[in-house]
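Throughout, read-outs are computed from the coordinates displayed, never taken from laboratory work. Keep in mind the model is a prediction, meaning the values are calculated, not measured. So basically every Cβ, Gly included, is an ideal-geometry build from the backbone, and we count neighbours across all protein chains shown.
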Amino acid sequence: MKLLAYCPHCDKIFQSTFIGDMSPGTTVKECNEKCPRCGEMAQTSNYISNTMYIAGQAFHTTSDAETLKNLLQILQDGQKHNQDIDQIADKIQILSDKVDYKFDDLAECIRQGKKENKAEIVWAFIKNLIPLLLSIIKNLGS
Ligand SMILES: [Zn+2]
């Protein structure tokens, strides 16, 4: 699987040319790659690869548009009001408990990112997740 890279200069998350295992718990070497948006150097991120992988799993098993709308609302509110990351994770956890623990791992990943002092990457992840959710919801609706 192509590893995801995070650009700290413009907050873009993109597929790098580097191949690696994205499943949780694996550690990959951080590789540098030019950001396709701003041309600055970005780095492959284990955290972002794992988190996106988990998000992908959650969305693969969740076909309930209403649930995804609730998740979207939590992320958008969090971003709009610049909420604490733990607070956002708590809300995702509560939503997860209501829908068969589908977003358990997602809440945990967000908490983990904060613990590892990767708050800016967590925010970039949230920022990138919002348009992804919007497109999934749109597709479910049609
Ligand atoms: Zn960039």
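Quick rundown of the values:
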| read-out | value |
| --- | --- |
| Condition check for residue 67: surrounded by 14 or more Cβ atoms within 10 Å (Cβ to Cβ), among the β-branched types (Val, Ile, Thr) and closer than 20 Å to residue 135 by Cβ | yes |
| Filter result (hydrophobic (A, V, I, L, M, F, W, C), closer than 16 Å to residue 128 by Cα and surrounded by fewer than 20 Cβ atoms within 10 Å (Cβ to Cβ)) within region 76-97 | 85 |
| Inter-residue pairs, beta-carbon under 8 Å, first farther than 14 Å from residue 120 by Cα and in region 5-21, second within 8 Å of the ligand (Cβ to nearest atom), 6+ apart | 14/7; 14/35; 14/36; 14/37; 14/42; 16/42 |
| Unmet requirement for residue 100, which otherwise passes all of (1) exposed (fewer than 14 other Cβ atoms within 10 Å of the Cβ); (2) among the charged types (D, E, K, R); (3) touching an Asp or Glu at 6+ places or on another chain (Cβ under 9 Å) | (3) |
| Scan of region 103-120 for residues that are part of a loop (DSSP other than H, G, I, E, B) and surrounded by 19 or more Cβ atoms within 10 Å (Cβ to Cβ), ordered by number | 103, 118 |
| Cβ-Cβ under 6 Å pairs, at least 6 apart or on other chains, region 101-114 side without any contact (Cβ under 8 Å) to a residue 12 or more places away in the chain, far side of a type outside the set (A, V, I, L, M, F, W, C) | 104/96 |
| Tally, over region 38-64, of residues that are within 15 Å of the ligand (Cβ to nearest atom) and loosely packed, with under 13 Cβ neighbours inside 10 Å | 2 |
| Test: residue 119 is small (Gly, Ala, Ser) and over 11 Å from the mean Cα position of the chain (by Cα) | yes |
